[in-house]
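Before any comments, here is the structure.
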Amino acid sequence: MTGHEAGESALAGEADGLAILAEHGGAVALGLGGLVNILDPELVVIGGGLVHLGEALLAPIRAALPEYVEAAALRPLAPVVAAALGEQAGAVGAAALARTLLPPQ
């Protein structure tokens, strides 16, 4: 099953699709937890090809994140939101960075 198929299944409310997104959300939260512990960000922005799934993707990440953040009960957690540019966020960010690194012509 592809990520697209799992996402469509979850959006349709099917148990298998929801279970796959819950497992994926836990894995993403594990990685984010380490970053949150080190960087203590004010906001966590999720982009990429599945971000169009919205809350079906974000809710499992938010639910699992406190498990991986040190002292999560004692401090406010950074909100986890979808990138405004959706799956194009990485490409747009890379292009913007490249413009600042390249010499003017």
Taking other Cβ within 10 Å of each residue's Cβ, how do LEU21, LEU102 sort, fewest first?
LEU102, LEU21
So what's the back-of-envelope 222 nm ellipticity for the chain, counting only DSSP H runs of four-plus at -39500 (n - 2.57) apiece and dividing by all residues, rounded to 500?
-19000 deg cm²/dmol
Nearest 20 debye, what's the magnitude of the dipole of the chain about its Cα centre given +1 on Lys and Arg Cβ and -1 on Asp and Glu Cβ?
440
Is any helix in the chain, taking whole DSSP H runs, at least 27 angstrom long along its axis by alpha carbon and on average at least 0.0 on the Kyte-Doolittle scale, and which ones?
15-39
Lys/Arg Cβ at +1, Asp/Glu Cβ at -1, dipole of the chain taken about the Cα centre: which of ALA56, LEU35, LEU97 is farthest positive-ward?
LEU97
Taking amide hydrogens as modeled 1.01 Å from N in the peptide plane, which residues meet the under 5 Å criterion relative to ILE46, leaving out close sequence neighbours?
VAL81, ALA82, ALA83
Kirkwood hydrodynamic radius of the stretch 3-101 from all distinct Cα pairs, in Å?
14.4
Prolate/oblate/rounded label for the stretch 44-105 (Cα gyration tensor, a/c 1.5):
oblate
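Here, each number is a calculation from the coordinates, and none is a lab measurement. These figures come from a predicted structure and were not determined experimentally. A quick note on method: Cβ atoms are made from the backbone with ideal geometry, for glycine too, and the neighbour counts reach across all protein chains shown.
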